[in-house]
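Here is the structure we will look at.
The values are calculated or read from the model by the stated rules, or taken from the named source; none is laboratory data. It should be emphasised that the depicted structure is a prediction, and the values quoted were computed from it without experimental measurement. As a convention, Cβ positions derive from the backbone with ideal geometry for all residues, glycine included, and neighbour counts pool all protein chains shown. These area figures cover heavy atoms from the full protein model, side chains too; ligands, DNA and RNA do not enter into them. Shrake-Rupley method; radii C 1.70, N 1.55, O 1.52, S 1.80 Å.
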Amino acid sequence: MDELGVVANEFATVSVSVDDRGNGTRLRLEDLRTGTVRHLDALELESIVWAPESWMRALLDPSAHRWRDAERGPARESLDEP
Amino acid sequence: MTTVDVDPARTDPLADRIRSLVLPDRVHGSIYTDPDVYARELERIWYATWVYVGHASEVPEPNDYVRKTIGPQQVVMTRDKTGAIHVLHNRCSHRGNLVCDADRGNAGSFRCPYHGWTFANTGDLLGFPFNQGYGGSRARAELPGLGVVPRVESYRGFVFASLAVDGPTLREHLGAAAERLDRLCRLSPEGEVELTAGWVKHEVTANWKMLVENETDGYHPQFVHSSIFSISGSGIGALYSDKSTAVTRALGGGHTENDLSPEFRRLGVPMGWAGTPEAKIPDYVAAMRATYGSETADEIMINGSPHVMIFPNLFVAEIQLFQIQPLAVDRTVQHVTAIQFAGAPDLNRRLVTQCVGSVGPAGMLLADDAEMYERNQRGVAQRQPEWLDLTRGLHRERVDDDGHTIGTATDETSMRAMWRHYRELMT
Ligand code: FES
Ligand SMILES: [Fe+2]
């Protein structure tokens, strides 16, 4: 697995690597502040490249995922569908 | 004396006082120390007129941002995905936390560290945690985003902002000072400056106007800076002598300059103004001649860089750029960087070295001035005599071909012009 580097600013720190342990390559993203990992395959990445700006803005809403439910507190991994 | 009937509801005792403290040939010491005067300066000058914020080259890529200031106000200058530059107040719309802490970075969105409210780099509110507490995501449309500074304009990459919704355009504000920025940019073979050398911040316990006045005070260099001039063998002192053909010029709008170009032309050496022989920067000289042609290039390189104070906070001193930031009536920060010219790496390296020597943390030039600012602030707090004299060269002021008032290199023409403008804004 080739670590490509860490993408960081004052708001988040994510390590980026190409994971080639499967039958093909995937991008591996690790949120270094929590250790939570997400893999993205080529088609998912291509879709992100093409996604409309509004989709990305919606994704940046904390209530869209990790901080959705005040009763449960912040999620430890990506949440099921609401 | 004539007496005027004034509507008592419309009297403005502070304006009357300021009018009596700022006269054509003298100013009262309290103008530097009075907190009420300072409070009005913030409202009438810093939060009303155009103030220099930063340079486009500090946010070269989409989503770059830098923290900047407008007087004591903390702002963030951002470049959005489309390339447009915004100036945002660095204050969360939830409970007022500072949103950005890093001096610079790259981010399309900012997340407040207190409760996680998240904003686009245009100021729009993108969301917040646990939105059921606000009745769901629809609340987003009702809640405010980051404060956006209403007017942002740039001239040759120099970004200015105004907290006032209406007022003169930036071009009108700059007036003749704009040409001085042109003169600076022409020294680049690509016609652009880049502020990429990093910043040093010098804080002094002095009123901001002392710095503004000093920037184009040609009377002090031979005294205050004699030690650095003598050990460095610099000829700068002689530029500010009675024999000098340099002039002090009021450019209008409170902007002023020490125009040293007549002396540089008398010297007649390309880059003589920078104390850098052609042979040491052959690539730069070749690039300049390739861009402008030999004759024009030599003229540009002989005439040199401007020494101009753009009111109230941008000072270009030939090879370095200062941004003046008041923090309180008696506290001021000077942010300073070495000017870098696009397409001039060999010259740029020398400019950084020269600036380290003059205005770096152990630089000798700014340290001299800083000592004077602080002593001056303590001095004007003393009770007698109450006034500061501004008469130097009053009897020999002239008007040049462009209609600007000029004095000799050591005359106080620039201060008188600054105060004239100040009085207009403040009363
Ligand atoms: S103060 Fe910023 S999220 Fe609460
Ligand atoms: Fe000085």
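Of the residues B:Asn106, B:Asn97, which single one is more than 23 Å from the chain's Cα centre (by Cα) and away from ligand 1 (no atom under 12 Å from the Cβ)?
Answer to the check: B:Asn106.
Count, please, the residues in the stretch A:21-48 that happen to be in contact with a Ser or Thr (Cβ under 6 Å, 6 or more places away or on another chain) and acidic (Asp, Glu).
The number of residues fulfilling the criteria is 1.
Name the single residue, out of those in the stretch B:276-289 being touching a helix residue (DSSP H, G or I) at 6+ places or on another chain (Cβ under 8 Å) and open to solvent by 20 Å² or more (accessible area, probe 1.4 Å), that is nearest to B:Phe341 (Cα to Cα).
Only one residue tops the list, namely B:Asp283.
Return only the number of the condition from (1) away from chain A (no Cβ under 14 Å); (2) farther than 25 Å from B:Ser188 by Cα; (3) loosely packed, with under 15 Cβ neighbours inside 10 Å that B:Gly136 does not satisfy.
The failed condition is (1).
Return the only residue of A:Ser15, A:Ser63, A:Ser54 being more than 14 Å from chain B (Cβ to nearest Cβ), of a type in the set (S, T, N, Q) and closer than 20 Å to B:Gly108 by Cα.
Testing whether each residue is more than 14 Å from chain B (Cβ to nearest Cβ), of a type in the set (S, T, N, Q) and closer than 20 Å to B:Gly108 by Cα leaves just A:Ser15.
Among the residues in the stretch B:113-120, are any assigned to a strand (DSSP E or B) and under 22 Å from the mean Cα position of the chain (by Cα)?
no
Assess whether B:Ile319 counts as being of a type in the set (A, V, I, L, M, F, W, C), touching a strand residue (DSSP E or B) at 6+ places or on another chain (Cβ under 9 Å) and open to solvent by 10 Å² or more (accessible area, probe 1.4 Å).
Yes; evaluated as a whole, the condition is true for this residue.
Checking the condition surrounded by 14 or more Cβ atoms within 10 Å (Cβ to Cβ) and part of a helix (DSSP H, G or I), which residue from B:Leu388, B:Leu365 passes?
None of the others qualify; the one that does is B:Leu365.
Report yes if B:Leu88 is modelled with pLDDT of 95 or more, closer than 28 Å to B:Phe160 by Cβ, within 16 Å of ligand 1 (Cβ to nearest atom) and touching a Gly at 6+ places or on another chain (Cβ under 9 Å), otherwise no. Lay out the reasoning, then the answer.
Working: modelled with pLDDT of 95 or more: yes; closer than 28 Å to B:Phe160 by Cβ: yes; within 16 Å of ligand 1 (Cβ to nearest atom): yes; touching a Gly at 6+ places or on another chain (Cβ under 9 Å): yes.
Considered against the rule, which asks whether it is modelled with pLDDT of 95 or more, closer than 28 Å to B:Phe160 by Cβ, within 16 Å of ligand 1 (Cβ to nearest atom) and touching a Gly at 6+ places or on another chain (Cβ under 9 Å), B:Leu88 comes out as yes.
With (1) open to solvent by 40 Å² or more (accessible area, probe 1.4 Å); (2) touching a residue at least 12 places away in the same chain (Cβ under 8 Å) as the list, and B:Thr296 as the residue in question, which single condition is left unmet?
Checking B:Thr296 against (1) open to solvent by 40 Å² or more (accessible area, probe 1.4 Å); (2) touching a residue at least 12 places away in the same chain (Cβ under 8 Å), the one that fails is (2).
Hey, any hits in the stretch A:37-44 for a residue that's free of Cβ contacts under 8 Å to residues at least 24 places away in the same chain, surrounded by 13 or more Cβ atoms within 10 Å (Cβ to Cβ) and closer than 18 Å to B:Trp117 by Cα?
No, the stretch A:37-44 contains no residue that is free of Cβ contacts under 8 Å to residues at least 24 places away in the same chain, surrounded by 13 or more Cβ atoms within 10 Å (Cβ to Cβ) and closer than 18 Å to B:Trp117 by Cα.
What do you reckon, is B:Gly191 more than 16 Å from ligand 2 (Cβ to nearest atom) and at pLDDT 95 or above?
So B:Gly191 passes the test.
Can you pull out every residue in the stretch B:121-133 that is in a loop (DSSP other than H, G, I, E, B) and either under 21 Å from B:Tyr65 (Cβ atoms) or more than 9 Å from chain A (Cβ to nearest Cβ) (or both)?
Across the stretch B:121-133, the qualifying residues are B:Asn121, B:Thr122, B:Gly123, B:Asp124, B:Phe128.
Residue check: is A:Leu45 out of contact with any Cys (no Cβ under 8 Å at 6 or more places or on another chain), assigned to a strand (DSSP E or B) and not aromatic (Phe, Trp, Tyr)?
no
Looking at the stretch B:14-23, is at least one residue under 30 Å from B:Asp411 (Cβ atoms), more than 20 Å from the chain's Cα centre (by Cα) and not in a helix (DSSP H, G or I)?
Yes: one or more hits.
One line per residue, one yes/no per condition, for (1) over 19 Å from A:Ser63 (Cβ atoms); (2) in contact with a helix residue (DSSP H, G or I) (Cβ under 8 Å, 6 or more places away or on another chain):
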position	(1), (2)
B:Asp80	yes, no
B:Gly83	yes, no
B:Val87	yes, no
B:Asn90	yes, no
B:Ser93	no, no
B:Asn106	yes, no
B:Gly127	no, yes
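What is the number of the single condition among (1) out of contact with any strand residue (DSSP E or B) (no Cβ under 9 Å at 6 or more places or on another chain); (2) of a type in the set (A, V, I, L, M, F, W, C); (3) open to solvent by less than 10 Å² (accessible area, probe 1.4 Å) that B:Ile302 does not meet?
So the condition that B:Ile302 fails would be (3).
Please pick out the residue among B:Val66, B:Val87, B:Val75 that is assigned to a strand (DSSP E or B), within 30 Å of B:Gln340 (Cα to Cα) and within 13 Å of chain A (Cβ to nearest Cβ).
After applying the criteria, what remains is B:Val66.
I'd like the full set of residues that are within 13 Å of ligand 2 (Cβ to nearest atom) and among the small types (Gly, Ala, Ser), limited to the stretch B:207-231.
B:Gly218, B:Ser226, B:Ser227 - these are the residues of the stretch B:207-231 that are within 13 Å of ligand 2 (Cβ to nearest atom) and among the small types (Gly, Ala, Ser).
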